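Worksheet for the structure shown next.
The values are calculated or read from the model by the stated rules, or taken from the named source; none is laboratory data. What you are looking at is a predicted structure, and each value in this text was computed from that prediction instead of being measured. When we count neighbours, we look across all protein chains shown, and the Cβ atoms used for this are built from the backbone with ideal geometry, even at glycine.
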Amino acid sequence: MPTIVIRYVHWVERWNKRIGRMAMYLLFVLMAVLLWGAISRAFWVPLRWTDQMGQFILAGYFMLGGAYALQMDSAVRMDVFYSNWSPRTKALVDAITIFALLFYLGVLLWGGVESAIYALEYGERKSGLWRPYMAPVKIVMCVGNVMMLLQCTVFFIRDIATLRGQKI
């Protein structure tokens, strides 16, 4: 494999690992927000922002941690035949099927970017009493989607290297 391709693979994996490790701590932020919402409901006046903020934090946690989960092979896989295959056969099947995932993520990114642009142009807000702006969470979702797309290209490059008998 060319040096630039190897550098690309290492750069994407390093970037996704850093962002994914930081996104893990969003779970603690989510727990604090939901705990504060539960305590305020029990003892004071219910806060209107905690439930929607929890949804936003969970979306960020899920989307920013997705590429890291893929990288760590934490994603769920139907493992009926796959576990019995040789590494070369796994690489061949993965190299072919990755295009379905790339297409799905590409369509998801396209819709996400259009939705984020709309939210920015028109100042879109979520309905309800708190009415937070939607643009930040939509931008975070687009960033997470790009990270997953980049990680999938890394998978494809690694599969091609495995088929060639090389290691990255």
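Side notes on the structure shown:
- Count of residues meeting criterion [out of contact with any Phe, Trp or Tyr (no Cβ under 7 Å at 6 or more places or on another chain), within 24 Å of residue 140 (Cα to Cα) and of a type in the set (Phe, Trp, Tyr)] in segment 37-61: 2
- Subset of segment 84-111 (residues that are exposed (fewer than 15 other Cβ atoms within 10 Å of the Cβ) and either over 21 Å from residue 164 (Cα atoms) or touching a Lys or Arg at 6+ places or on another chain (Cβ under 8 Å) (or both)): 100, 103, 104, 106, 107, 110, 111
- Segment 119-168, residues that are aromatic (Phe, Trp, Tyr), surrounded by 14 or more Cβ atoms within 10 Å (Cβ to Cβ) and closer than 23 Å to residue 61 by Cβ: 130, 155
- Conditions (1) more than 14 Å from residue 149 (Cβ to Cβ); (2) hydroxyl-bearing (Ser, Thr, Tyr); (3) surrounded by 12 or more Cβ atoms within 10 Å (Cβ to Cβ); (4) at pLDDT 90 or above; number of the one not met by residue 8: (1)
- Residues in segment 10-52 that are hydroxyl-bearing (Ser, Thr, Tyr) and either within 22 Å of residue 66 (Cα to Cα) or in contact (Cβ under 8 Å) with a residue 40 or more places away in the chain (or both): 25 alone.
- The residue of segment 1-57 that is farthest from residue 125 (Cα to Cα), among those that are assigned to a loop (DSSP other than H, G, I, E, B) and hydrophobic (A, V, I, L, M, F, W, C), is 1.
To keep it simple, each residue is scored yes or no on (1) in contact with a Leu (Cβ under 6 Å, 6 or more places away or on another chain); (2) in contact (Cβ under 8 Å) with a residue 40 or more places away in the chain; (3) not aliphatic (A, V, I, L, M).
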{"residue": "95", "(1), (2), (3)": "no, yes, no"}
{"residue": "114", "(1), (2), (3)": "no, no, yes"}
{"residue": "117", "(1), (2), (3)": "no, no, no"}
{"residue": "125", "(1), (2), (3)": "no, no, yes"}
{"residue": "134", "(1), (2), (3)": "no, no, no"}
{"residue": "140", "(1), (2), (3)": "no, yes, no"}
{"residue": "151", "(1), (2), (3)": "yes, yes, yes"}
